[in-house]
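Asks: Take this structure, written in structure tokens, and hold onto it; I'll ask about it next.
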Amino acid sequence: MDAFYASVEQRDNPLLRNKPLAVGGNKERGVVAAASYEARKFGVKSAMPSAIAARRCPDLIFVKARFDRYKEVSKQIHEVFQEYTDLVEPLSLDEAYLDVTTTKIGLPSATLIAQEIRQKIFERTQLTASAGISYCKFLAKTASDVNKPNGLFTILPQDAEEYLRKMAIHKFHGIGKATAEKMKVAGIFTGGDLRKKSQEDLIRRFGKSGVFYYNICRGIDNRLVISDRERKSISAERTFDHNIMSLSEVHEQLKRISDITFDRYLKTKARGKTIIVKVKYGDFRQITKSHTLDQVIHDSVTLSQEVLRIATQDLLRDEGIRLLGVGISNFQSSVISKEQPQQLTLKF
């Protein structure tokens with residue numbers, strides 16, 4: 001979806017349409033969860049501190065996030081996906097991979113299917129979506145960013161090698177800003193430069209990720225679309241209006257966040273043994289602390305007690321704490337593996 005949270009807010013409130021909008025935070029504190037395209041023209045981005053966003057765009061309008069509303073709209077979107085295929089792998093509320101090798105509706109090509117899905121989404125939600133079509137996940141994701149917003153792009157199998165050869169290295173999905181800078185130091189500026197490096201060299205420079213980099217610049221990505229993804233963790237976090245300076249206030253806030261996390265935890269079938277506390281300081285440095293129990297967590301009291309045990313005096317720093325989070329991971333629930341269908345060929 002295109003600027004999903006911001007687009008939902010602009011759709012629901014006509015006074016916000018065609019205006020620079022940020023979901024989350026305010027002019028003094030917080031973090032931007034999503035930015036409208038009008039705001040992006042000023043350099044406002046998601047995950048940007050709100051104060052920086054306000055400086056970049058003085059007319060920026062901040063609205064509170066309404067995640068229940070976004071979930072409602074997301075459900076409508078996923079209902080459209082399910083009309084075409086059962087092989088839908090959600091990545092977030094507004095993004096998913098679809099394997100349309102075998103479809104419920106007999107359209108002759110993946111590109112036509114994507115066009116029809118985008119049209120149905122717009123008819124039902126009045127929101128625009130962009131789509132990328134190709135023969136593997138990496139290339140489909142790459143293609144989805146080409147003609148945003150409200151666009152569609154197909155990378156044909158016979159065109160993939162040349163397309164990747166010319167693509168700037170920082171545009172490769174899965175290569176972050178820091179890694180891109182390391183690659184540039186090594187003389188890697190494009191996919192073509194990356195292809196010149198041996199797998200051994202890339203592993204030496206980037207560890208196990210070197211194998212991934214070696215493959216993607218050649219258009220190799222054998223990951224299947226998994227419709228039933230196993231949840232790895234459950235968490236909740238909160239950014240505060242003022243930096244927390246005392247351990248008593250840390251404990252008070254962690255107790256509230258623990259209760260929210262446990263409520264979410266109860267709604268799943270999985271049961272976890274590892275408790276995680278996330279801390280972001282006033283200077284935006286971030287740490288996590290964790291503890292693994294002998295048994296899975298069954299009650300909120302256990303979760304709260306262990307969280308407070310992790311949150312000791314050494315957690316505090318002079319700059320104060322701007323965000324706290326609590327998570328549960330290391331799930332022990334058994335997952336029945338389903339045999340995945342063989343990846344077949346589909347015309348583009």
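Asks: Lys and Arg at +1, Asp and Glu at -1: add these up for the other residues within a Cβ distance under 12 Å of residue 319 and post the number.
Replies: +2
Asks: Pop out the Kirkwood hydrodynamic radius of segment 68-157 from its pairwise C-alpha distances, inverse of mean 1/r, in Å to one decimal.
Replies: 13.2
Asks: Which distance in nm do the two modelled labels at residue 288 and residue 247 give, with both placed 7 Å along the Cα-to-Cβ direction?
Replies: Each label point lies 7 Å from its Cα, and together they span 2.5 nm.
Asks: When the label point is put 7 Å from the Cα of residue 171 along its Cα-to-beta-carbon vector, which residues of segment 128-152 have a backbone N closer than 12 Å?
Replies: Taking a point 7 Å out along Cα→Cβ of residue 171, the residues of segment 128-152 whose backbone N falls under 12 Å are 142-148.
Asks: Still on this structure: Taking Cα pairs under 8 Å and at least six residues apart, what relative contact order does the chain come out at, in percent?
Replies: Rounded, it is 13 percent for the chain.
Asks: What full-extension length gain, to one decimal in nm, is calculated for residue 126 and residue 76 as 0.36 nm per residue of separation minus the Cα-Cα distance?
Replies: 16.9 nm
Asks: Residue 91 to residue 203: extension gain in nm, 0.36 nm per residue of separation minus the Cα-Cα distance?
Replies: Stretched out fully, the residue 91 to residue 203 stretch lengthens by 37.6 nm.
Asks: Compute the FRET efficiency between residue 158 and residue 212 as 1/(1 + (r/R0)^6), taking r as their Cβ-Cβ distance and R0 = 25 Å, and round to the nearest 0.05.
Replies: 0.60
Asks: First measure r as the distance between the Cβ atoms of residue 226 and residue 19, then evaluate 1/(1 + (r/R0)^6) with R0 = 45 Å and state the FRET efficiency to the nearest 0.05.
Replies: With R0 = 45 Å, the Cβ-Cβ based efficiency is 0.70.
Asks: Then there's this: Residue by residue through segment 86-95, which ³J(HN,Hα) values in whole Hz follow from phi under the Karplus form 6.51 cos²θ - 1.76 cosθ + 1.60 (θ = phi - 60°), with glycine and proline marked x?
Replies: Karplus-based 3J(HN,Hα) across segment 86-95 equals 8, 8, 10, 10, x, 9, 6, 4, 10, 8 Hz.
Asks: Ranking 318, 86 by Cβ neighbours within 10 Å, fewest first, what do you get?
Replies: Sorted ascending by nearby Cβ count, the order is 318, 86.
Asks: If one puts a single equal scatterer on every Cα of segment 233-331 and applies the Debye formula without solvent, what log₁₀ I(q)/I(0) results at q = 0.15, 0.16, 0.21, 0.24 Å⁻¹?
Replies: -0.53, -0.60, -0.99, -1.24
Asks: Order of 280, 267, 255, 182 from fewest to most other C-beta atoms within 10 Å?
Replies: Lowest to highest Cβ neighbour count: 267, 182, 255, 280.
Asks: Considering only DSSP beta bridges where both residues belong to the chain, give the percentage that are antiparallel (nearest 5).
Replies: Percentage antiparallel, nearest 5: 85.
Asks: Here's a follow-up. What does the C-alpha gyration tensor say about the overall shape of the chain? Classify as rounded when a/c is under 1.5, otherwise prolate if a/b is larger than b/c, or oblate.
Replies: rounded
Asks: At R0 = 51 Å, how high is the FRET efficiency between residue 196 and residue 12 if r is their beta carbon distance? Nearest 0.05 is fine.
Replies: That pair, residue 196 with residue 12, gives E of 0.50.
Asks: Filter the GluC sites (Glu not before Pro) in segment 1-92 down to the DSSP loop ones having no more than 14 other Cβ atoms within 10 Å, then list what survives.
Replies: 28, 83
Asks: How high is the relative contact order of segment 68-157, given as a whole-number percent (alpha carbon pairs under 8 Å, six or more residues apart)?
Replies: RCO, segment 68-157: 19 percent.
Asks: Next up: Mind checking Rg over Rh on segment 4-65, alpha carbons, Kirkwood formula for Rh?
Replies: With Rh from the inverse mean 1/r over Cα pairs, Rg/Rh is 0.91.
Asks: Arrange the peptides 191-198, 127-134 so that the one whose residues have, on average, the most other Cβ atoms within 10 Å appears first.
Replies: Peptide ranking by packing, descending: 127-134, 191-198.
Each value in this text was obtained by applying a stated rule to the coordinates, not by laboratory testing. Just so it is clear, the structure is predicted and the values come from calculations on it, not from any experiment. Counting neighbours? That spans all protein chains shown, and the Cβs are built from the backbone with ideal geometry, glycine included.
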